[in-house]
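Taking it in order: structure first as structure tokens, then the write-up.
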Amino acid sequence: MIRVLLAEDQAMVLGALSALLGLESDIEVVGAAADGETAWRDVQRLKPDVLVTDIEMPSLTGLELAQRIQRHEMTTKVVIVTTFARPGFLRRALDAGVAGYLLKDAPAENLAEALRKVHRGGRSIDPQLALDAWSEADPLNDRERQVLRLAGEGRSAGEIAGQLNLSQGTVRNYLSEAIGKLGVGNRIEAFRLARQKGWL
């Protein structure tokens, strides 16, 4: 049996995924989490073979979950199922050791096949997205990405500094670097462009 943990913040999607995988004779859904932190605790407690996660979730994103699993050298493999057909997301997912990346509009039977392939040690990546992912590199580093994400949520330099334990000057430097790298005029434009490309 392939033991699967689901992480998805939309209740209807979570229920549909669970029901869909429940029809497979060789797949067992061992848990379901509606946010990233709960999913992280469940991964540690249940030690599933595969974590199926969305990218955008409260408290921890699917990418951050994958990074944690990779950092802790856990055996759980990660498959991302998302609406975001953004090459930047796929590149970051691959860097975080993700074994599968599927779009939510893919045929339902693709998911079970992807889980079997990943469980056997393979990879399952949406082919068109894989081609697009290598067309444009993400220019931001992790700190610039963090600061820009918080700025885009409307936080001031002081609030960002407090949250990330940085000085306000350092926060302004990171924002300035991000704006320069993206070739835009201000932090709002930088945030919009980086989100559109899947770099946030």
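Below are the figures for this structure:
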{"item": "Accessible area per residue, Å², the stretch 1-155 with all protein chains present, probe 1.4 Å", "result": "47 Å²"}
{"item": "Fluctuation leader among 115, 129, 164 - the chain, Gaussian network, Cα springs under 10 angstrom", "result": "164"}
{"item": "Rough spin-label spacing in nm, given labels placed 7 Å along Cα→Cβ, for residue 45 and residue 196", "result": "4.2 nm"}
{"item": "For residue 80, distant residues with modelled amide H under 5 Å away", "result": "53, 100, 101, 102"}
{"item": "With at most 10 other Cβ atoms within 10 Å, longest stretch of the chain clear of loop GluC sites (Glu not before Pro) (DSSP)", "result": "74-152"}
{"item": "Pair residue 56, residue 94: separation of 7 Å Cα→Cβ label points (nm)", "result": "2.4 nm"}
{"item": "Positive-end residue, the chain charge dipole about Cα centroid, Cβ charges, pick of 46, 85, 141", "result": "141"}
{"item": "Eligible lysines near residue 181 by straight Cα distance, threshold 29 Å, same-chain separation 8 or greater", "result": "197"}
{"item": "Gain on full stretching of the segment that runs from residue 164 to residue 113 - 0.36 nm per residue minus C-alpha separation", "result": "14.3 nm"}
{"item": "FRET E, pair residue 75, residue 186, Förster distance 41 Å, beta-carbon r, rounded to 0.05", "result": "0.40"}
{"item": "The chain - convex hull of alpha carbons, volume per residue in Å³", "result": "117 Å³"}
{"item": "Helical contribution to [θ] at 222 nm, DSSP H n ≥ 4, -39,500 (n - 2.57), averaged over the chain, rounded to 500", "result": "-15500 deg cm²/dmol"}
{"item": "Gain in span if fully extended, residue 103 to residue 13, counting 0.36 nm per residue against the direct Cα distance", "result": "31.1 nm"}
{"item": "Residue 23-residue 156 pseudo-label distance in nm [points 7 Å out on the Cα-to-Cβ vector]", "result": "5.4 nm"}
{"item": "Top of 170, 82, 53 by mean-square fluctuation, Gaussian network on the chain, Cα under 10 Å", "result": "170"}
{"item": "All Cα pairs of the stretch 121-185, percent lying beyond 19 Å", "result": "44 percent"}
{"item": "Charge context of residue 66, other residues only, Cβ under 11 angstrom, K/R +1, D/E -1", "result": "+2"}
{"item": "For the stretch 20-132, projected area of the alpha-carbon convex hull averaged over all directions, nm²", "result": "6.5 nm²"}
{"item": "Förster radius 30 Å - calculated FRET efficiency between residue 35 and residue 137, Cβ distance, rounded to 0.05", "result": "0.45"}
{"item": "HN-Hα J in Hz across the stretch 151-168 - Karplus 6.51, -1.76, 1.60, θ = phi - 60°, x for Gly and Pro", "result": "4, x, 7, x, 6, 7, 4, x, 5, 5, 4, x, 5, 9, 6, 10, 7, 4"}
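The values are calculated or read from the model by the stated rules, or taken from the named source; none is laboratory data. Since we're looking at a predicted model, the values are computed, not measured. Virtual Cβ from ideal backbone geometry, glycine too; neighbours counted across all protein chains shown. Side chains included, ligands, DNA and RNA excluded: accessible areas come from the protein's heavy atoms. Shrake-Rupley method; radii C 1.70, N 1.55, O 1.52, S 1.80 Å.
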